[in-house]
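Let me begin by presenting the structure, written as structure tokens, before commenting on it.
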Amino acid sequence: MPLPQKKRWESMAKGLVLGALFTSFLLLLYSYAVPPLHAGLASTTPEGTAPCSPAPSEPETGTRANGSAGGCQPRRDIVFMKTHKTASSTLLNILFRFGQKHGLKFAFPNGRNDFDYPAFFARSLVQDYRPGACFNIICNHMRFHYDEVRGLVPPNATFITVLRDPARLFESSFHYFGSVVPFTWKLSSQDKLAEFLQDPDRYYDPNGYNAHYLRNLLFFDLGYDSGLDPGSPQVQEHILEVERRFHLVLLQEYFDESLVLLKDLLCWELEDVLYFKLNARRDPAVPRLSGELYRRATAWNVLDARLYRHFNASFWRKVEAFGRERMAREVAALRRANERMRRICIDGGRAVDAAAIQDAAMQPWQPLGAKSILGYNLKKSIGQRHEQLCRRMLTPEIQYLMDLGVNLWVTKLWKFVRDFLQW
């Protein structure tokens, strides 16, 4: 390796160590700034508190949002289990807009943009939480803990999440989070992902820092052990538990079809599910996984693969029940409306690299050591009718959270450190 390259990696390694120490200090400080967690994560309501209203242990499978055949009322109580690298930021924007439009009460994190991830969710992590508090929408990143979440929303709340082909998710996660997973620093080739997949057990340390990002991430986010033996009966038990608890599991690969099902489930209007693709990654220099590497990535994430296969099958059963022709019509209508908003809102009509984004309020959060996430420029002249909707549709997660009044002091301090060190 040439000397300048070696020095660059040494500098980056030292910076990451410094960053880890500084982050530990921030988390320690944060732990004193928030209310203490209730002892343990018991499945019952913590002593001295009460859920916002009596809630069933789990929602009934297949419950329809519209209730009676005489029509439906828009559903406003929603839990979105936000998984990583699954187009979840785009869905988050949809929920932010709906909640803001209708003046709904969000359960937001305190100090940062996630609920102390990768620790399990606890209700005491919610900003301004008080025992018995009740919320309409919970949607930020967390490691799911059903009973803790269940106690914060009304009994008829709708639970949703989104999955993605595990090999594609792994590829995206590797490129986005790889630099903060220390065992990947041993990889020396230009195509680190391919090198890792040739012999993952050689590099992977299940107890390593941030290791959860690089194996069965969906299983982990949903609150399960991502290192379970694939032959364990618990794997199927967990999958069936997800099916019982969630009213709809969306698929990233069929995002438009998923939004049509979501719109129907929640009895929303077309405008409520319009979107622009947010937090999208610039195409990497190395080609996408294919052939043998795709199969290796799937095998490496076998628990996620079983989860995905199960909900891919159930998704298409829902599409059949909805009606294929009706689905085609509604997907076409959604795409026409999205295209119309693209022409109205986006300067140049497409996403651009971070360096080309003119307004700091439109800059997306970037992975450590790279600026690979694309963003948008808002048109200068937009009619009054669409100006607010355009801005909200294009606003990245961090800025939108601040617009909604979330205290992000830890996230903002971390951004200051990154900018200062030019990470």
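Data for the structure
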item	result
Hull shadow area, averaged, segment 159-211 [alpha-carbon convex hull, nm²]	4.5 nm²
Kirkwood hydrodynamic radius of segment 287-409, from inverse mean 1/r over distinct Cα pairs, in Å	18.3 Å
Highest average packing first - 336-342, 111-117, Cβ atoms within 10 Å	111-117, 336-342
Accessible area per residue, Å², segment 231-295 with all protein chains present, probe 1.4 Å	47 Å²
Entries of Lys192/Lys379; Lys82/Lys263; Lys318/Lys379; Lys101/Lys379; Lys186/Lys277 with Cα pairs more than 29 Å apart	Lys192/Lys379; Lys318/Lys379; Lys186/Lys277
Among 95-104, 324-333, the order from most to least packed when residues are scored by Cβ within 10 Å on average	95-104, 324-333
Protection proxy ranking, peptides 126-139, 155-168, 299-312, average beta carbon neighbours within 10 Å, highest first	155-168, 299-312, 126-139
Computed label-point distance, nm, for sites Lys186 and Trp316 using a 7 Å Cα→Cβ extension	4.0 nm
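The values are calculated or read from the model by the stated rules, or taken from the named source; none is laboratory data. Computed from a predicted model, the values in this text were never measured in an experiment. All Cβ positions, even for glycine, are placed from backbone atoms using ideal geometry, and neighbour counts span all protein chains on display. Remember, those area values only see protein heavy atoms, side chains included, never the ligands or the DNA or RNA. Shrake-Rupley method; radii C 1.70, N 1.55, O 1.52, S 1.80 Å.
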